[in-house]
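The values are calculated or read from the model by the stated rules, or taken from the named source; none is laboratory data. Keep in mind it's a predicted model, so treat the numbers as computed, not measured. Neighbour counts are summed over all protein chains in view; Cβ atoms, including those assigned to glycine, are modelled from backbone coordinates with ideal geometry.
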Amino acid sequence: MIEGIFVEGLIYGIMVLGVFISFRILDFPDLTVDGSFPLGAALMVQCLLSGMNGWVALLVAFAGGVLAGVVTALIHNHLRVPNLLAGILTMTMLYSINIRILGNRANVPILDQPTILKQVTEKFTGIIPDEYILLVFFLVVALVVKVLLDLFFRTDLGMTLGAMGNNEQMVISQGVNPKTLKTIGVGLSNGLVAISGAFAAQYLGFADVGLGQGIIVSGLASVMIGEFLMLKSNRIGVLTFCALAGSICFYAVMYVGRFYGYVIHMTPSDLNLIKGVLIIVLLIMTQAKKLKVPFKVAK
Amino acid sequence: MIELKNVSIVFGQGTVNENKALNNINLKVKEGDFITIIGSNGAGKSTLFNTIAGTYLPSEGQIFANDKNVTRDPEYKRAKYIGRIFQNPLLGTAGNMSLEDNMTITHKKGMKWLRRSLNNKTREIFRQELVQLRMGLEHRMKENLVMFSGGQRQALTLLMMVLSKPSLILLDEHTAALDPKNAEIVLELTNKFISEYKLTGMMITHNMTHAIEFGNRLLMMDGGEIIFDIEGEAKKALTVEKLIQKFHQLRHKTFENDRTLLAED
């Protein structure tokens, strides 16, 4: 069970990193995520079914996610639509697109396809105990994504993205077009979400248009748990680590809810309510924490 | 340098609230000029800056920068050669980032790509530049700017702007939100940088003494127009009394209704 929680937390952790970029770094509440997650899953499944190599399929999924994010950013930038609404627009359109990608079906299984996960399992079976293969694999994947992101946000471009989320006027004053930055940032964020969706499809063994429902809430809850658990810091390495840790904690709670919820007569459909309540509780706790420690002075 | 030809700005055109914030402004800023601008609230001083910087596009007229027509250029494009400091000391820097990160972003204008220009060499350059501020900030390069005071952040914004070598700097009452001591420090630094780096600048102030003391040229604005433009020796001979008299003579009204304008120190 414990490895299941970690695997799930790490798969969705990549999505949480994407949500963290849009919500926390860019200050751009991006709801495209609900559409780009199943988009990644759908692209992965269709590419695998057409006989494509799993890793190439992953790239296709990433590109699809980036494109979805770019569309949201363009709607927001050029039609002066509020960012929330721009995300909802893209998300809604993606629902139809995802069904198209899946060949006019809402659910497509890939149980007999040579997914990345199956290849990895075959390769390492006997070397690592079977039940830990996926855990190790996703640990590596999540860490690679995390380290790449850390490196990116230490480049000049990454720093400027961070500055824009904090103070857009400053970025404009530096002669940088904030619209370009938003397009890059939201694109990157949704690319990660799509990768997460692609892995989720392989793990679950199917792609479903409903996969993304409420995923933004899960992502946000994970980000908030991570922030709540860890020390406050402005180091990007710590922040991305918090996002991953938050994701594992959140999916642990959900796992427990799914498997032992019946004890208190909870059904799987109650989980969305639990997620929402969890976010509200976290908000209240964060507020209380802020009141207690008004200002922390660094040495 | 910068030239405005018949520039007008009208807010809410065609509505009952139509408001002509700038009325047919003609202004030529020469290289090396340091212009102080005075005028009561609503005179159009900030609108003038917003128009030059590109925040507002003019309803009529044209703007030239180095003989190039930039009337339709958005703010971020003009920012490559125009440096600007706002009254709010928090607008020039990113508070949740460290001092060295802020300097990395600001030391060069224009779009940033995947290079990593923060290394020990640039750190050393930044440190040496920070010494000029004499605030001890060179020892606090890894701290978040949230920890810094408004005066420190404004001084820092000033330094970072100067380092990017803009052809024109716009100072919009950049000391007004600071306490008197910090305001004085920042103003001193401004004067020092402008003469040291031979900058072309414009400064809005509500303090007539400063307006007379600093710069080689003075503009007085009222009702969206430049009503008085004086430079060189004639400006040096100005006193606060003469300025008030001049305003009275030009507009047949008194400054009394705007007490901030009468500040003399």
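If you go through region B:24-56 and keep only what is out of contact with any helix residue (DSSP H, G or I) (no Cβ under 7 Å at 6 or more places or on another chain), under 17 Å from B:Arg84 (Cα atoms) and hydrophobic (A, V, I, L, M, F, W, C), you end up with B:Val29, B:Ile35, B:Leu48, B:Phe49, B:Ile52. Annotation: A:Arg80 fulfils all but one of (1) more than 25 Å from A:Val186 (Cα to Cα); (2) free of Cβ contacts under 8 Å to residues at least 24 places away in the same chain; (3) out of contact with any helix residue (DSSP H, G or I) (no Cβ under 7 Å at 6 or more places or on another chain); the unmet one is (1).
Tell me, which helices (runs of 4 or more DSSP H) wholly within region A:99-178 include 2 or more residues that are within 14 Å of chain B (Cβ to nearest Cβ), surrounded by 14 or more Cβ atoms within 10 Å (Cβ to Cβ) and of a type in the set (A, V, I, L, M)? Steps first, please.
Details: elements: A:116-124, A:130-152, A:156-166, A:168-173.
Because the criterion is at least 2 residues that are within 14 Å of chain B (Cβ to nearest Cβ), surrounded by 14 or more Cβ atoms within 10 Å (Cβ to Cβ) and of a type in the set (A, V, I, L, M), the helices (runs of 4 or more DSSP H) in region A:99-178 that meet it are A:130-152, A:156-166, A:168-173.
Checking each residue in region B:72-110 for being without any contact (Cβ under 8 Å) to a residue 60 or more places away in the chain, of a type in the set (Gly, Ala, Ser) and closer than 14 Å to A:Glu168 by Cα picks out B:Ala79, B:Ala94, B:Gly95. Exactly one residue out of B:Leu22, B:Leu133, B:Leu48 is on the phi < 0 side of the Ramachandran plot and either part of a strand (DSSP E or B) or among the charged types (D, E, K, R) (or both): that is B:Leu22.
Would you say A:Gly237 is surrounded by 17 or more Cβ atoms within 10 Å (Cβ to Cβ), small (Gly, Ala, Ser) and closer than 23 Å to B:Thr104 by Cβ? Spell out the reasoning first.
Working: surrounded by 17 or more Cβ atoms within 10 Å (Cβ to Cβ): no; small (Gly, Ala, Ser): yes; closer than 23 Å to B:Thr104 by Cβ: yes.
The answer is no for A:Gly237.
Looking at this structure, is B:Tyr81 surrounded by fewer than 20 Cβ atoms within 10 Å (Cβ to Cβ), modelled with pLDDT of 90 or more and among the aromatic types (Phe, Trp, Tyr)? Here the answer is yes, as B:Tyr81 does meet what is asked. Scanning region A:4-38 for residues that are more than 26 Å from A:Asp150 (Cβ to Cβ) and buried (at least 24 other Cβ atoms within 10 Å of the Cβ) returns A:Asp34, A:Gly35, A:Pro38. Checked against the criterion of being part of a loop (DSSP other than H, G, I, E, B), within 12 Å of chain A (Cβ to nearest Cβ) and within 22 Å of the chain's Cα centre (by Cα), the candidates B:Lys77, B:Lys108, B:Lys112 yield just one match: B:Lys108.
Could you please give the count of residues in region B:128-176 that are among the hydroxyl-bearing types (Ser, Thr, Tyr), under 12 Å from the mean Cα position of the chain (by Cα) and away from chain A (no Cβ under 12 Å)? Please lay out each step first, then the result.
Looking only at region B:128-176, we keep the residues that are among the hydroxyl-bearing types (Ser, Thr, Tyr), and these are B:149, B:157, B:164, B:167, B:175.
Right, trim to under 12 Å from the mean Cα position of the chain (by Cα) and you get B:157, B:175.
Those left that are additionally away from chain A (no Cβ under 12 Å): B:175.
Here the count works out to 1.
Looking only at region B:163-192, residues that are assigned to a loop (DSSP other than H, G, I, E, B) and acidic (Asp, Glu) come to 2 in all.
With the requirement that a residue be in contact with a Leu (Cβ under 9 Å, 6 or more places away or on another chain) and either part of a loop (DSSP other than H, G, I, E, B) or small (Gly, Ala, Ser) (or both), what does region A:27-39 give you? A:Pro29, A:Asp30, A:Leu31, A:Thr32, A:Gly35, A:Ser36, listed by residue number.
Every residue, every condition in (1) crowded, with 17+ Cβ neighbours inside 10 Å; (2) polar (S, T, N, Q); (3) within 28 Å of A:Gln113 (Cβ to Cβ); (4) modelled with pLDDT under 90, yes or no:
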| site | (1), (2), (3), (4) |
| --- | --- |
| A:Ser196 | yes, yes, yes, no |
| A:Leu204 | no, no, yes, no |
| A:Gly210 | no, no, yes, no |
| A:Val223 | yes, no, no, no |
| A:Glu227 | yes, no, no, yes |
| A:Ser247 | yes, yes, yes, no |
| A:Lys289 | no, no, no, yes |
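Considering (1) in a loop (DSSP other than H, G, I, E, B); (2) within 13 Å of another protein chain (Cβ to nearest Cβ); (3) touching a residue at least 24 places away in the same chain (Cβ under 8 Å), the lone condition that B:Ser40 does not fulfil carries the number (2). Among the numbered conditions (1) outside any helix (DSSP H, G or I); (2) modelled with pLDDT of 90 or more, the only one that A:Ala298 does not meet is (2). Considering the conditions (1) under 25 Å from B:Lys198 (Cβ atoms); (2) buried (at least 17 other Cβ atoms within 10 Å of the Cβ); (3) within 14 Å of another protein chain (Cβ to nearest Cβ), B:Asn50 is excluded by exactly one of them, (1). Of the residues in region B:148-157, at least one is part of a helix (DSSP H, G or I), surrounded by 20 or more Cβ atoms within 10 Å (Cβ to Cβ), in contact with a strand residue (DSSP E or B) (Cβ under 6 Å, 6 or more places away or on another chain) and at pLDDT 90 or above. Residues in region A:191-248 that are in contact with a strand residue (DSSP E or B) (Cβ under 7 Å, 6 or more places away or on another chain) and closer than 27 Å to A:Arg154 by Cα: A:Asn234 alone. If you go through region B:80-101 and keep only what is within 16 Å of the chain's Cα centre (by Cα), closer than 29 Å to B:Ser149 by Cβ and either more than 8 Å from every other protein chain (Cβ to nearest Cβ) or among the small types (Gly, Ala, Ser) (or both), you end up with B:Ile82, B:Gly83, B:Ile85, B:Gln87, B:Asn88, B:Pro89, B:Gly92. Restricting attention to region B:210-234 and to residues that are among the charged types (D, E, K, R) and more than 18 Å from B:Leu187 (Cβ to Cβ), the residue that is surrounded by the most Cβ atoms within 10 Å (Cβ to Cβ) turns out to be B:Asp222.
Inclusion of B:Thr122 among residues that are within 27 Å of B:Tyr56 (Cβ to Cβ) and among the β-branched types (Val, Ile, Thr) is not warranted.
On inspection, B:Ser59 fails the criterion of being of a type in the set (S, T, N, Q) and facing chain A (nearest Cβ under 8 Å). Quick one: would you say B:Arg123 is in contact with a helix residue (DSSP H, G or I) (Cβ under 9 Å, 6 or more places away or on another chain), within 14 Å of another protein chain (Cβ to nearest Cβ) and basic (Lys, Arg)? Yes; evaluated as a whole, the condition is true for this residue.
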